[in-house]
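Okay, so here's the structure we're looking at.
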Amino acid sequence: MPIKPENRARYPKDWPQIREAILARAGDRCEQCQAPNHTRIARGAGQDAGTYMLESGDVYCADSGAHLGRCRHADYALLRMTDVVLTIAHLDHVPEHCDPQNLRALCQRCHLRYDQAHHQLNAWHTRRAARQTLELFDLPRVQPGARP
């Protein structure tokens with residue numbers, strides 16, 4: 001994921017070197033699905049959903065990176081072609097925390113899946129703030145028959 005301009009100051013000055021070290025540790029592959037960086041892959045559909053195929057015809061599980069065998073391109077149910085670009089994920093979602101144990105090299109798909117719950121929570125908070133209304137549960141309760 002590209003670093004948003006408003007968050008750039010939260011990253012350490014040596015972020016490019018940290019990023020390169022994490023990519024080297026990962027062997028320039030996604031640490032989740034093992035997709036190789038800077039490679040065009042085919043994402044599967046239908047019976048091949050949840051897989052990806054390299055130009056060589058080798059097919060892999062898109063969740064674990066397990067090699068599933070080889071397939072002719074004409075026999076593979078293609079969803080779309082994708083260029084793999086590895087990003088560095090902060091497992092705790094804190095950009096200042098750049099300990100190598102907190103960082104993973106992930107492809108776009110795996111990074112978005114990892115961050116999904118975090119993104120949903122942020123979106124909920126953003127929508128709630130935009131409404132600028134009190135939640136029903138934040139209001140004091142009045143007992144039936146009680147005088148205000």
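With +1 on the Cβ of every Lys and Arg and -1 on the Cβ of every Asp and Glu, and nothing else charged, how large is the dipole of the chain about its Cα centre, in debye rounded to the nearest 20?
With only Lys, Arg, Asp and Glu charged at Cβ, the dipole is about 560 debye.
What are the equivalent ellipsoid semi-axes of segment 55-102, built from the alpha-carbon gyration tensor (square roots of five times its eigenvalues), in whole angstrom, biggest first?
Here the semi-axes work out to 33, 12, 8 Å.
Just report the Cα centroid separation between segment 1-78 and segment 104-124, whole Å.
Between the Cα centres of segment 1-78 and segment 104-124 lies a distance of 15 Å.
What accessible area, in Å² to the nearest ten, does a 1.4 Å probe give for Glu31?
Looks like 60 Å² after rounding.
What residue among Cys33, Ile22, Met81 has its Cα farthest toward the positive end of the dipole of segment 1-97, where the charges are +1 on Lys, Arg and -1 on Asp, Glu, each on the Cβ?
Met81
Could you calculate, for segment 5-50, the ratio of the Cα radius of gyration to the Kirkwood radius, expressed as Rg to Rh?
Rounded to two decimals, Rg over Rh is 1.17.
Taking the Cα-to-Cβ direction at Arg8 and at Gln108 and moving 7 Å from each Cα, how far apart do the two end points lie in nm?
My value for the distance between the label points is 2.2 nm.
Excluding His111 itself, what net charge comes from residues whose Cβ is under 11 Å from its Cβ, given Lys and Arg +1 and Asp and Glu -1?
With Lys, Arg at +1 and Asp, Glu at -1, the neighbours total +1.
Note down the relative contact order for the chain as a percent, whole number, built from C-alpha pairs under 8 angstrom at least six residues apart.
RCO, the chain: 22 percent.
Treating only the Cα positions of the chain as identical point scatterers, give the base-10 log of I(q)/I(0) from the Debye formula at each q in 0.13, 0.15 Å⁻¹.
Scattering profile of the chain, log10 relative to I(0): -0.71, -0.86.
Using a 1.4 Å probe on the protein heavy atoms, what percent of the accessible area of the chain belongs to carbon and sulfur?
55 percent
The values are calculated or read from the model by the stated rules, or taken from the named source; none is laboratory data. Here the structure is a predicted model, which is why all the values come from computation and not from measurement. Positions of Cβ are generated from backbone atoms using ideal geometry, with glycine treated the same way; all protein chains shown enter the neighbour counts. The accessibility values were calculated without ligands, DNA or RNA, using every heavy atom of the protein model including side chains. Shrake-Rupley method; radii C 1.70, N 1.55, O 1.52, S 1.80 Å.
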